[in-house]
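See below for the structure under consideration.
Rule-based calculations on the coordinates, nothing more; no lab input. Treat the numbers as computed from the prediction; the structure is a model and nothing was measured. Glycine gets a Cβ as well: all are built from the backbone with ideal geometry, and neighbour counts include every protein chain shown.
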Amino acid sequence: MWERSVNLGRRVLWLHTYGERFVDPSAGRPKGAPKLPLSERSRCVEEIPDTIDAMPEVLEYDEGTGSLVVGSGRISPVPREVRDYAVSGMNVIDKWFGYRKKDPAGKRRLVLDFEVSTS
């Protein structure tokens, strides 16, 4: 159990230092920033609109394709575990999207809070 905990700690430190500390290729911790294989990396496969009229209002998960559907856009592949990831009961992706959707969450008090970037 102790050895397992130590190895987990090494992996966490390796991840959090972008592969600069606790480098050990034989343990699957090569030097350099950790990256998923290209086939497993999430990417935008359908453009997420950024115009005022077409900005996304909803975020959905397509179980069949393992895609995150952002309005008419799509990010894939997104494993179910990533979609469901939460910290202290708060879903991280939902929180992220809440501040980026057409009608964003949060307090808006200043005129600039209502501005939408068109670039």
Legend entry - Choice from Gly89, Gly71, Gly98 showing the highest fluctuation, given a GNM over the chain with Cα pairs closer than 10 Å: Gly89
Inset, instruction - Sort out the exposed loop GluC sites (Glu not before Pro) in the chain (DSSP loop, at most 15 other Cβ within 10 Å) and tell me the longest stretch that has none. - result: 64-114
Legend entry - the chain: relative contact order as a whole-number percent, Cα under 8 Å and 6+ apart: 16
Inset, instruction - Give me Trp14, Trp96, Trp2 ranked fewest to most by other Cβ atoms within 10 Å of their Cβ, as a rough exposure proxy. - result: Trp2, Trp96, Trp14
Legend entry - For the stretch 36-105, alpha-carbon Rg and Dmax in angstrom: 12.4, 36
Inset, instruction - Within the set of other residues whose C-beta is less than 15 Å from the C-beta of Val78, count the net charge using Lys and Arg as +1 and Asp and Glu as -1. - result: -3
Legend entry - Backbone HN-Hα couplings from phi across the stretch 69-86 [Karplus 6.51/-1.76/1.60, Hz, Gly and Pro as x]: 9, 10, x, 9, x, 8, 10, 8, x, 10, x, 3, 4, 5, 4, 8, 4, 9
Inset, instruction - Using 0.36 nm per residue of separation minus the Cα-Cα distance, give me the extension gain between Glu47 and Lys31 in nm, one decimal. - result: 2.4 nm
Inset, instruction - Could you work out the equivalent-ellipsoid semi-axes for the stretch 1-84, taking the square root of 5 times each eigenvalue of the Cα gyration tensor, largest first, in whole Å? - result: 35, 14, 12
Legend entry - Projected label distance in nm at Thr17 and Lys101, using a 7 Å step from Cα toward the beta-carbon: 4.1
Legend entry - Calculated FRET value between Ile75 and Glu3, using beta carbons and R₀ = 30 Å, to 0.05: 0.20
Legend entry - Selected from Asp62, Asp53, Asp94 as most flexible by GNM, with the chain as the system and alpha-carbon contacts under 10 Å: Asp53
Legend entry - Gaussian network model of the chain, Cα within-10 Å springs - most flexible of Tyr18, Tyr61, Tyr85: Tyr18
